[in-house]
Structures are given as C-alpha cells and as structure tokens.
Amino acid sequence: MSYSWTSVEHEQFVMDLATSLRNHGIDAILDKWDLKPGQDKYVFMESMVVDTEVLKVLVLCDRKYQEKANNRAGGVGTESQIISQELYGKVQQTKFIPIVCEYDDDGQPCLPVFMKGLIYIDVSSEERYGEGLDQLLRLIYEQPFHQKPKLGGAPAFVSNGGTSYVRELGPQSVPSKTASPTDRDWRAF
C-alpha cells in the first residue's frame, strides 16, 4: 500500500519524519520550524544547499513533487533548479538523498528527472517505512548495514617469494567454474 495523501497529510508526514530524526539525535531543519514570517524562503532553500554545516538534504519525492520539479513550478521548481546545479556540478555528491514516498502507475519511483540516477531510500508504504528509516539513520550516522571489510595484506607467496597461490595450495584450492557457489570449496586463510 502506497502513501496517498493530501498536502495536509504530506505536511504531517514530513513533520513526523523530521520529528523522528530529531528523536534519534539528528538536528533536522524544517521550514515549518525554522523559517519565520518575513524571512525569504528562497534564501532559506539556497542556504540548505550551500551551507557546509548542513550535511544531508532529504528530498521527499512523490507524484506532486516529481511533477513540480520536472516542470520547474513554484517553490519546488526553484528548489530543484538549485539542487540540480549542485548535483550536476559534483559527481561525488552525497548531500542530496532522494526519499521515495510514492510509485507511479507503472511501478516506477516518483523521482524528478535530475534525481533518476541516484540511489534512493524507500518509505513508500507502511511496510517499507521502518526499513527506510533504518537505512536513513545508518546513512546519516555512517554505519552501513554492509560493512566493508578491512584491507588485508599481500598473500604470503607474494611477500615471501613463494611460487604462486595455486602451486602452494594445490589445484583443489581453485573453485570450479561450473560448480555453484554452495558447491565450491572456499577456504579462508
């Protein structure tokens, strides 16, 4: 079941997500909390993009956001122009995180064109919300679920003048190309 919401429900979802992040120790900045009457909303949006203290910008993507971003309409259009310039200008960017809240009728995530190539976090249903929040928290705290192992040293046959991996361990140490991964004789050293 996808979330389908009115703008009021969407606003509540955003506030609930931001509150959840704050409850988990993340200083979430939200226009509803931090933008005051008399302040310039475009300066606020731009500051979130360029402020070096803002480490992540979450872009909550649903059909309405996708349409407004692609058509460059309203505040979303301005925001998407600011973000897309940053995305295209920095190949290794990690600041902008698409959060998919809805899928289209073809089963595709509702992402604006300028975010189609980015890996996203899915909170599009009640079932996916918890896993998506976990993934987001791990990302922010830089604690990925799949930890990259530490780099080991050179094999003994290289560093000690041995002959070769296969010659030292024998042909039985090389997995068969036709065997399935579960049938192979994998050895850890």
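The values are calculated or read from the model by the stated rules, or taken from the named source; none is laboratory data. Values in this document were obtained by computation on a predicted structure and should not be read as measured data. With ideal geometry, Cβ positions are generated from the backbone for all residues, glycine too; neighbour counts draw on all protein chains shown. Surface areas here come from the heavy atoms of the whole protein model, side chains and all, with no ligands, DNA or RNA. Shrake-Rupley method; radii C 1.70, N 1.55, O 1.52, S 1.80 Å.
Just to confirm the filter: which GluC sites (Glu not before Pro) across segment 14-67 are DSSP coil and have at most 11 other Cβ within 10 angstrom of their Cβ?
Details: sites: 46, 53, 67; in loops: 53.
Filter output for segment 14-67: 53.
At a 1.4 Å probe radius, which order do 34, 104, 134, 27 fall into by accessible area, largest first?
On the way: 34 70, 104 45, 134 90, 27 115 Å².
In descending accessible area the options line up as 27, 134, 34, 104.
What is the calculated FRET efficiency for residue 60 to residue 143, with r their C-beta to C-beta distance and R₀ = 25 Å, to the nearest 0.05?
It comes to 0.65.
Amide H of residue 60 versus every other amide H placed in the peptide plane: which residues, excluding those fewer than 5 positions away on the same chain, fall under 5 Å?
Amide H neighbours of residue 60, under 5 Å, 5+ apart: 99.
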